[in-house]
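A short worksheet on the structure shown next.
What follows is calculated from the coordinates using simple rules that are stated; it is not laboratory data. Since the model is a prediction, treat every value here as computed from it, not as a measurement. Reconstructed Cβ throughout: ideal geometry from the backbone, glycine too, with neighbour counts over all protein chains shown.
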């Protein structure tokens, strides 16, 4: 038996039950429908259910759609849920105000089912694409961090120089053993200036010149 395709969720916030029924019947074949009859109930539902899209009526008693949109956009839990206003208002100023608050589109009453489906489909698709991009960015960031850690580990390993415990010679990547200073000169472009430390002077140089050797 084929697996059932999971539907995206649409939250309708409207105080008019008739409008909710029209929108619900238009969209229910393609989406899971939730609804709320006032702005505060809608905000609470958005927080708890995390819908893929909110259809938000502007004119409602108490808190209107503009204030509900402002609160949804201000809350980190609901900030990225796309909002489409549903309204009978057609004034340009109302549209500008809605866009300024963070709404992405308008659907006007009376509803045209073809327009409703097209606009909902567009913004749900954008929402899904955004989520997919965010997920890929997170995976990419994790991969970059993993590669950086691996690079640092390799760098640390490469910085370890194997040295013979007896003769103090060091081994290169071709397993040739050579004096440490030669290895460093070859691999790190280091130049040496030779001198004699006090211990070596006492051990090697001074015995060659005893106090009475000039007599």
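At a glance:
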| read-out | value |
| --- | --- |
| The range 28-67 - Kirkwood radius from inverse mean 1/r over Cα pairs (Å) | 10.9 Å |
| Least to most buried among 196, 20 (fewest other Cβ within 10 Å first) | 196, 20 |
| Calculated SAXS-style log₁₀ I(q)/I(0) at q = 0.15, 0.27 Å⁻¹ - the range 84-132, Debye, Cα scatterers | -0.44, -1.03 |
| Principal axis box of the range 1-71, alpha-carbon based, largest edge first, Å | 48, 25, 13 |
| Distance cut-off 17 Å, percentage of C-alpha pairs in the range 9-132 lying past it | 51 percent |
